[in-house]
Amino acid sequence: MSVSAQLRDPTAEIASELRPRQSPLPTLEGKCVALLDIGKMRGDEFIDRLEILLNARGIATGRYKKPTNTRVAPTEIIHDIILNCHAVVIALSDCGSCTSCSTHDLFTLDGRGIPGVNVITEEFADAFEVQRCAIGFDGAAVVVPHPIQHRTRTELESFADQFCQEILARICSRPSAGRVRAGQT
Amino acid sequence: MLLSSRTPADGLTVFVKKECPTCRLIQPVIRDLAKRTNSIIVFAQDDVSAVEGLAVIDDTSLEQSFRQDIEAVPTIIRFANGREVDRTFGWNRDEWQRVTGLADLGRGLPHMQPGCGSKSREPGVFEHLVARYGDPGLASRKIEIGEWDDPIEAGFERGWSDGLPLVPPTDERILRMLGGTARKPDEIVGRVPPNLAPCTVEKVAINAVMAGCKPEYLPVVLAALEAALEPIATMHGLLCTTCSGSPILILNGPIARAIGMNSGINALGQGNRANATIGRALQLIIRNVGGGRPGELSRSTLGGPHKYTFCFAEDESDAEWTPLSVARGLTRGTNAITLFQGDGIQAFIDQRSRSAPELARSLAMSLLAVGHPKLCEFTNAMLVLSPEHYGIFRDAGWDRVRIEVELHKAMVRPGKDLIQGAQGVGEGISPSRADELVNKFWPEGLLIVRAGGKAGLFSAICGGWTGGRFRDQSQPVTKEIRL
């Protein structure tokens, strides 16, 4: 990261310089989880499967899609999530600009009381770290394999299967409490 | 021989700036030295054409001027074995001949002529140079802001802000702020609630920078913090309370005028930098060092705009008036700050009273409403007396003591009217006091301050925090300001 300014910490430095994230929800029962598609190809296939998995657990979902992964989410989307949802899953970042922008989106929503998690590929785990440190935010991420653009739909769905529980654990302190409906995954 | 090195080497080094008349005067001397010695370096602080006919090294960054601690130009330094062995500044033939070891310098020039100040010592520049090239000596954690990020937004993002933009606390600003006090940056002022975290002078300076203070305000901010940290000020409870109380700061003494504080028109309002930022600095210290953030441990049910900042100076223009700080035990003319634990203002309107007794009765009616009309000896209160209202008392020969006595007298009521349930209202004093005559405030619980514009029969009442009901445990604090 190139540095444009160096400031000094005005706090007592007894806590991390990163602002803590919102605590996970105690339960997802009766809550709605926003599934925010960052607007990049293939992300919707991952999110489609994730939505099925969440709904199978009785968790309501709301679908949102950014017009582009190269900018932060439009204010209208942010406001809609704040007004209608209780947590957010942002997916699926597999490049620099989308990782940066999605981390800002995560930060913005967290600041408005919406706990969330950013799903990123392992190649951009360090970019996520740099970005969250730059904005001073102890944001949460779940890291999935990289790359994703050449994967089959089945492979992307298997990532959703594989990481669903970890994603839920970032937004809910008791993610296993939800029951899986018969006949569903 | 002219060395091309950018750093001084053994031999002579001269610092000049083109805009300096003395530097221009001695151009022939420098050219003469270049001919007669094989080791001279010339640095120019503003323009490399400062000495015509010579290759002068650009020091517009002022790095070498800073590193060689140049205070005036021209300065000539002799280095030997990598160390400075002699220097002089300005033009003085004898001095230059001593430093250079050469005779017959500057024939035809006056014997001496003072130089100019070094650009590296201009106001605000030196701190930049310390931050850039030196050791700022600051202990606080560095926070690096990304190339494309906005330092003002960074203040919000890190949770440092009270909701308004902060001045980014860069090293140069912090160093300038620390210049406002002789106290050492690592001195611990006290432990700030609610986390009871130790707070150094440096942390105070950082938060004062962010609040927008000038360095000359820093002693006042330090005194305000010291007042807040006196146990009897109960800052911990005042911060965490569900009530709306917050520190209200009142300045007395010549420093109020010296730093331009407002005690006149709109004294309790916006528009004056010192009033606005000193109070804000204290709030930011409590937020950032103490960890007192609203919604976390700062739990005021409603809060109030006074929790951003509430600081003003008392009008001491009337020599017959006893200033608040004097009434509270300090000598007249002492710089002092008083911290009152109070709420925002309740306006007092009386445009009809013509006599002092009439006005006292009128003020008492409004003061009785503080907290709740039926609660007594439950909070303190501060009355900010405007000039026109004060004039009625002054014309009657009433001084501070007389006004206080008359106000207290006018607020005594039968307990039976105030006990819980009386007048169909559950709130009130203990039923056990039904047969007493009850005072509204403790005798020391009413603070009177003079402030405001000359026109307007309007004063102000600031209700006190409910912690004041514990008479011996929570009281206003007055501290002398150490300059």
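The values are calculated or read from the model by the stated rules, or taken from the named source; none is laboratory data. Values in this document were obtained by computation on a predicted structure and should not be read as measured data. Counting neighbours? That spans all protein chains shown, and the Cβs are built from the backbone with ideal geometry, glycine included.
Worth pointing out:
- Taken over the stretch B:70-94, the criterion of being surrounded by 14 or more Cβ atoms within 10 Å (Cβ to Cβ), charged (D, E, K, R) and in contact with a strand residue (DSSP E or B) (Cβ under 6 Å, 6 or more places away or on another chain) is satisfied by B:78, B:86, B:87.
- Positions within the stretch B:428-459 being of a type outside the set (D, E, K, R) and under 25 Å from the mean Cα position of the chain (by Cα), in sequence order: B:447, B:448, B:449, B:451, B:452, B:453
- Among residues of the stretch A:122-139, those that are out of contact with any Ser or Thr (no Cβ under 7 Å at 6 or more places or on another chain) and outside any helix (DSSP H, G or I), counted: 3
- Residue within the stretch A:119-128 that is among the acidic types (Asp, Glu) and without any contact (Cβ under 8 Å) to a residue 24 or more places away in the chain present: yes
- Within the stretch B:279-290, one or more residues are within 27 Å of residue B:371 (Cβ to Cβ), in contact with a Phe, Trp or Tyr (Cβ under 8 Å, 6 or more places away or on another chain), of a type in the set (Gly, Ala, Ser) and not in a loop (DSSP other than H, G, I, E, B).
- Residue check, residue A:46 within 14 Å of chain B (Cβ to nearest Cβ), under 17 Å from the mean Cα position of the chain (by Cα) and crowded, with 21+ Cβ neighbours inside 10 Å: no
- Residue in the stretch A:55-66 that is touching an Asp or Glu at 6+ places or on another chain (Cβ under 6 Å) and touching a residue at least 60 places away in the same chain (Cβ under 8 Å) present: no
- Checking B:68, B:113 one by one, the residue that is farther than 29 Å from residue B:135 by Cβ, touching a residue at least 60 places away in the same chain (Cβ under 8 Å) and in contact with a Phe, Trp or Tyr (Cβ under 9 Å, 6 or more places away or on another chain) is B:113 and no other.
- The set of residues in the stretch A:37-54 being assigned to a helix (DSSP H, G or I) and touching a Cys at 6+ places or on another chain (Cβ under 8 Å) consists of A:50, A:53, A:54.
- The lone criterion from (1) touching a Lys or Arg at 6+ places or on another chain (Cβ under 8 Å); (2) at pLDDT below 95; (3) outside any helix (DSSP H, G or I) left unmet by residue B:88 is number (2).
- Test for residue B:253: is it more than 14 Å from chain A (Cβ to nearest Cβ), farther than 22 Å from residue B:465 by Cβ and in contact with a strand residue (DSSP E or B) (Cβ under 8 Å, 6 or more places away or on another chain): yes
- For residue A:142: the one exception among (1) outside any helix (DSSP H, G or I); (2) at pLDDT below 95; (3) not charged (D, E, K, R): (2)
- Of all residues making up the stretch B:358-373, the number that are buried (at least 20 other Cβ atoms within 10 Å of the Cβ) and outside any loop (DSSP other than H, G, I, E, B): 4
- Any hit, the stretch B:178-189, residues being surrounded by fewer than 22 Cβ atoms within 10 Å (Cβ to Cβ), closer than 24 Å to residue B:132 by Cβ and hydrophobic (A, V, I, L, M, F, W, C): no
- A count restricted to the stretch B:37-69 and to residues that are surrounded by fewer than 16 Cβ atoms within 10 Å (Cβ to Cβ) and not charged (D, E, K, R) stands at 7.
- When B:12, B:54, B:25 are screened for being free of Cβ contacts under 8 Å to residues at least 60 places away in the same chain and hydrophobic (A, V, I, L, M, F, W, C), only B:54 passes.
- Close pairs (7 angstrom Cβ cut-off, 6 or more residues apart or separate chains): within 13 Å of chain A (Cβ to nearest Cβ) in the stretch B:203-225, modelled with pLDDT under 95 and in a helix (DSSP H, G or I) anywhere: B:210/B:155
- Exclusive hit being under 26 Å from residue A:164 (Cβ atoms) and either within 14 Å of chain B (Cβ to nearest Cβ) or outside any strand (DSSP E or B) (or both), set A:81, A:14, A:90: A:81
- Residue match in the stretch A:53-75 (condition: closer than 30 Å to residue B:167 by Cβ and within 14 Å of another protein chain (Cβ to nearest Cβ)): yes
- There is no residue in the stretch A:25-36 that is within 14 Å of chain B (Cβ to nearest Cβ), outside any loop (DSSP other than H, G, I, E, B) and in contact with a Leu (Cβ under 9 Å, 6 or more places away or on another chain).
- From B:271, B:279, B:342, residue being small (Gly, Ala, Ser), crowded, with 19+ Cβ neighbours inside 10 Å and under 19 Å from the mean Cα position of the chain (by Cα): B:279
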